[in-house]
Amino acid sequence: MELNNLTPAKGSVKTAKRIGRGPGSGLGGTSTRGHKGAKSRSGYSKKIGFEGGQMPMQRRLPKFGFKNINRVEYKAVNLATLQALFEAKKIEKIGVAELHEAGLIGKNVLVKILGNGELKAKLTVEAHAFSKKAEEAITAAGGTIVKL
């Protein structure tokens, strides 16, 4: 076997149909587009959501709801997660940077600590928001809270 006699597997490569190359090709004339109509013309592209003249989905369904432009979205982190992070790395202060390094949150994300799970470690926890249950659990364990 040499580079000059390598060929693709039989039947794996097909030649493209060369459309619109004169009557002798058998694919000239209308070039497989049929007669007349928008689809036969050059530059045709149907609109997004076009359903062949039928009333499109986005117009059949009613409008509802609204987007609150003042919404603040937090990434939730539970107490059980903080406890697991403490046990794994033995760090006293858990902040946004530590959570990012552990791969629990993305970069530039607001963090809210929630009270699901049990916290036994005495930690200093830095976050943008805390639930009441989480605040109580952290202070009960002897830890401190820092709101960013």
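To the nearest ten degrees, helix 79-89 and the longest principal axis of the Cα atoms of the chain are 90 degrees apart. The coefficient of translational diffusion for the chain, derived via Stokes-Einstein from the alpha carbon Kirkwood radius under 4 °C and 1.567 mPa s, stands at 58 µm²/s. Considering the options Leu114, Asn5, Tyr74, tell which one lies farthest towards the positive end of the dipole of the chain, charges being +1 on Lys and Arg and -1 on Asp and Glu at the Cβ, about the Cα centre. Value computed over the given set: Asn5.
With Cα atoms as the point set, the radius of gyration and Dmax of the stretch 75-147 evaluate to 10.7, 30 Å. Farthest toward the positive end of the dipole of the chain, out of Thr15, Phe64, Ile145, is the Cα of Thr15, where the dipole comes from beta carbon charges about the Cα centre. The overall shape of the stretch 17-65 is prolate: from the C-alpha gyration tensor, with semi-axes ordered a ≥ b ≥ c, the ratio a/c is 1.5 or greater and a/b exceeds b/c. Taken one residue at a time, the phi angles of the stretch 113-121 give Karplus couplings (6.51, -1.76, 1.60, θ = phi - 60°) of 8, 10, x, 7, x, 10, 10, 9, 7 Hz. Gly and Pro are set to x. Sorting 20-28, 68-76 by average packing, meaning the other beta carbons within 10 Å per residue, from highest down gives 20-28, 68-76.
Seen through its C-alpha gyration tensor, with square-root eigenvalues sorted a ≥ b ≥ c, the stretch 10-92 comes out oblate because a/c lies at 1.5 or above while a/b is not bigger than b/c. Under 15 Å of direct C-alpha separation, and excluding same-chain neighbours fewer than eight residues apart, Lys132 reaches these aspartates and glutamates: Glu118. Within a straight-line Cα-Cα reach of under 13 Å, Lys107 can be paired with the following aspartates and glutamates, leaving aside sequence neighbours fewer than 8 residues apart in one chain: Glu98.
For Lys93, the lysines whose Cα falls under 17 Å of its own Cα, not counting residues fewer than eight places away in the same chain, are Lys112, Lys120, Lys122, Lys147.
Only the coordinates and a few stated rules stand behind these numbers; no lab work does. Note that the structure is a prediction, hence the values are computed from the model and not measured. Positions of Cβ are generated from backbone atoms using ideal geometry, with glycine treated the same way; all protein chains shown enter the neighbour counts.
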